[in-house]
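The values are calculated or read from the model by the stated rules, or taken from the named source; none is laboratory data. As the structure is a computational prediction, the values presented were derived from the model and not from experiment. Backbone-built Cβ (ideal geometry, glycine too); neighbour counts: all protein chains shown.
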Amino acid sequence: MRTRYNFDKETNRKATHSYKWNIPDNGASFTVADTDFEVASEIQQAIVNRAKQSTYGYTYVPDEYYEAYIRWWRDRYQTELKKEWFIFSTSVVASVDTIIKRLTEVGERVCLFSPNYNVFYNCISNNKRVAEEVNLTYQNHEYSIDWKKLEESLSKSKLFIHCNPHNPIGKQYSIEENEKIISLCKKYNVYLLSDEIHSDLDYNEKRYNPIIKTKEYERLILALSPGKSFNLAGLHSSVLVIPNEELRLKIEKGLQEDDVGEPSYFSIEPVIAAYTKGDEYVQEENAYIYENKKYLKEFFIKNYLNLEIIGGNATYLLWVDISHYSNDSVAFVNDFSNKYNLFLIDGKHYHESQSSFVRINIATQKKNIIHLCNCLLDYLK
Ligand SMILES: Cc1ncc(COP(=O)(O)O)c(C=O)c1O
């Protein structure tokens with residue numbers, strides 16, 4: 001099939017001070033959650049145009065920036081977001097940090113599912129709050145919610161951090177699950193921060209369910225960013241969407257006080273380009289990632305590798321059950337990277353309790369996926 005964008009094109013990220021590719025010369029990295037794909041030409045053009053202007057001073061956020069998000073959400077998710085609900089923030093992590101600081105006190109509990117995105121735990125502990133972890137139940141290669149445990153934990157917590165779709169397990173929460181989460185937060189007056197940064201990465205079938213579409217809740221905060229789907233994380237541009245005015249003003253003040261509420265010179269125009277011209281890019285990117293995942297899955301089956309890929313069709317982060325081979329994912333990952341110079345992340349990093357998972361970032365050129373498969377086969381046979 002002819003495509004408009006070339007995801008096979010190599011990008012030599014070692015030459016770009018890439019955090020993910022700061023590895024030995026002959027190695028390959030499947031770690032940090034950004035992609036190895038060239039950005040859409042429309043976005044690059046917006047950056048070039050901006051760079052060609054000869055003054056790089058302070059910048060404000062124009063209405064077109066929020067209007068681009070609104071258009072994207074209306075067309076892609078049939079969801080109507082209002083302009084006044086938006087606040088700019090330099091990054092989702094900066095927002096998480098500010099929200100924890102402004103909505104909870106030292107020593108209070110912040111609830112979240114485990115395993116989960118590692119930085120959430122850091123934000124909680126760095127601010128001297130307590131992580132109230134609700135382990136997701138892993139059974140028959142699927143994760144489900146222990147509702148009793150969640151309710152018990154929410155009854156003791158001030159804030160719940162949701163990750164929808166979920167890094168690292170790739171779970172897409174259903175409408176019913178999201179509804180129930182909101183109801184429980186409501187019951188115990190718990191603020192609900194839903195980090196939906198991975199929303200656009202939903203391949204094969206569309207099954208991402210935006211929490212804001214589910215049910216009204218006056219303590220709901222939605223965190224969004226084009227960082228993952230358009231490979232723009234380094235530009236530092238994200239938003240919070242908060243329908244409740246009082247809550248919004250409080251968080252907006254917090255972001256300003258923490259000095260993370262102002263855009264950089266390059267935070268605006270590329271994002272407008274992404275959300276006004278990026279539909280086809282994301283569609284083709286999802287198709288490419290889906291093919292990578294399918295290749296891995298079929299390779300494991302064909303070669304009798306007992307590696308189980310978990311999760312739905314969301315995010316480019318593959319959560320792989322290695323329990324047939326090891327119950328020490330840290331040792332597994334270290335040994336594998338020492339032998340082949342290929343880098344993965346062990347599940348412990350995400351508070352996975354059984355030490356039998358690894359996370360593989362598959363947003364890379366197919367040739368890297370083929371190389372990884374061959375090395376895994378060599379290692380495990
Ligand atoms: C769930 C989740 N939230 C936030 C981030 C980071 O977002 P930002 O770069 O905007 O801080 C990541 C990156 O991996 C992520 O997976």
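Side notes on the structure shown:
- Test: residue in the range 141-154 that is buried (at least 20 other Cβ atoms within 10 Å of the Cβ), in contact with a helix residue (DSSP H, G or I) (Cβ under 6 Å, 6 or more places away or on another chain), over 25 Å from residue 323 (Cα atoms) and not polar (S, T, N, Q): yes
- In the condition set (1) within 16 Å of the ligand (Cβ to nearest atom); (2) touching a residue at least 24 places away in the same chain (Cβ under 8 Å); (3) within 18 Å of the chain's Cα centre (by Cα), residue 87 is compliant with all but (3).
- Among the residues listed as 327, 374, the single one being of a type outside the set (Val, Ile, Thr), assigned to a loop (DSSP other than H, G, I, E, B) and exposed (fewer than 14 other Cβ atoms within 10 Å of the Cβ): 327
- For the range 251-260, the criterion of being closer than 29 Å to residue 318 by Cα and either touching a Leu at 6+ places or on another chain (Cβ under 7 Å) or within 16 Å of the ligand (Cβ to nearest atom) (or both) is met by no residue.
- Within the range 221-235, residues that are of a type in the set (Lys, Arg) have Cβ atoms under 8 Å from residues that are surrounded by fewer than 22 Cβ atoms within 10 Å (Cβ to Cβ) in these pairs: 228/33; 228/34, counting only partners at least 6 apart in sequence or on another chain.
- Some residue of the range 63-83 being within 16 Å of the ligand (Cβ to nearest atom), touching a strand residue (DSSP E or B) at 6+ places or on another chain (Cβ under 9 Å) and either of a type in the set (A, V, I, L, M) or without any contact (Cβ under 8 Å) to a residue 40 or more places away in the chain (or both): no
- If you go through the range 286-317 and keep only what is within 16 Å of the ligand (Cβ to nearest atom) and not aliphatic (A, V, I, L, M), you end up with 311, 312, 315, 316.
- The condition of being within 27 Å of residue 90 (Cα to Cα) and surrounded by fewer than 19 Cβ atoms within 10 Å (Cβ to Cβ) does not hold for residue 189.
- Lone qualifier among 309, 301, 322, 362 - being closer than 30 Å to residue 42 by Cβ and β-branched (Val, Ile, Thr): 362
- The range 111-134 - residue that is of a type in the set (A, V, I, L, M) and in a strand (DSSP E or B) and, of those, farthest from the ligand (Cβ to nearest atom): 130
- Every residue from the range 353-381 that is within 24 Å of the chain's Cα centre (by Cα) and modelled with pLDDT under 95: 353, 354, 355
- Total residues in the range 248-285, condition touching a residue at least 40 places away in the same chain (Cβ under 8 Å), farther than 30 Å from residue 55 by Cβ and surrounded by fewer than 20 Cβ atoms within 10 Å (Cβ to Cβ): 5
- Look at the range 146-161: where a residue is in the same structural domain as residue 98 (by TED's automatic domain parsing) and over 17 Å from residue 107 (Cβ atoms) and a partner is surrounded by fewer than 19 Cβ atoms within 10 Å (Cβ to Cβ) and of a type in the set (Lys, Arg), sitting 6+ places away or on another chain with Cβ atoms under 8 Å, you get 147/180; 151/187; 154/187.
- For the range 330-363, residues that are among the small types (Gly, Ala, Ser), assigned to a helix (DSSP H, G or I) and surrounded by 22 or more Cβ atoms within 10 Å (Cβ to Cβ) total 1.
- Residue among 125, 174, 183 that alone is under 28 Å from residue 279 (Cα atoms) and of a type in the set (S, T, N, Q): 174
- Scan of the range 299-324 for residues that are surrounded by fewer than 19 Cβ atoms within 10 Å (Cβ to Cβ) and assigned to a helix (DSSP H, G or I), ordered by number: 299, 301, 302
- Between 110, 130, the distinction of being within 26 Å of residue 239 (Cβ to Cβ) and surrounded by 14 or more Cβ atoms within 10 Å (Cβ to Cβ) belongs to 110 only.
- Residues of the range 52-72 satisfying the condition of being among the charged types (D, E, K, R) and crowded, with 19+ Cβ neighbours inside 10 Å: none
- The single residue among 296, 249, 240 that is assigned to a helix (DSSP H, G or I) and in contact with a strand residue (DSSP E or B) (Cβ under 8 Å, 6 or more places away or on another chain) turns out to be 296.
- Restricted to the range 197-236, and to residues there that are surrounded by fewer than 20 Cβ atoms within 10 Å (Cβ to Cβ) and not in a loop (DSSP other than H, G, I, E, B), the residue that is nearest to the ligand (Cβ to nearest atom) is 234.
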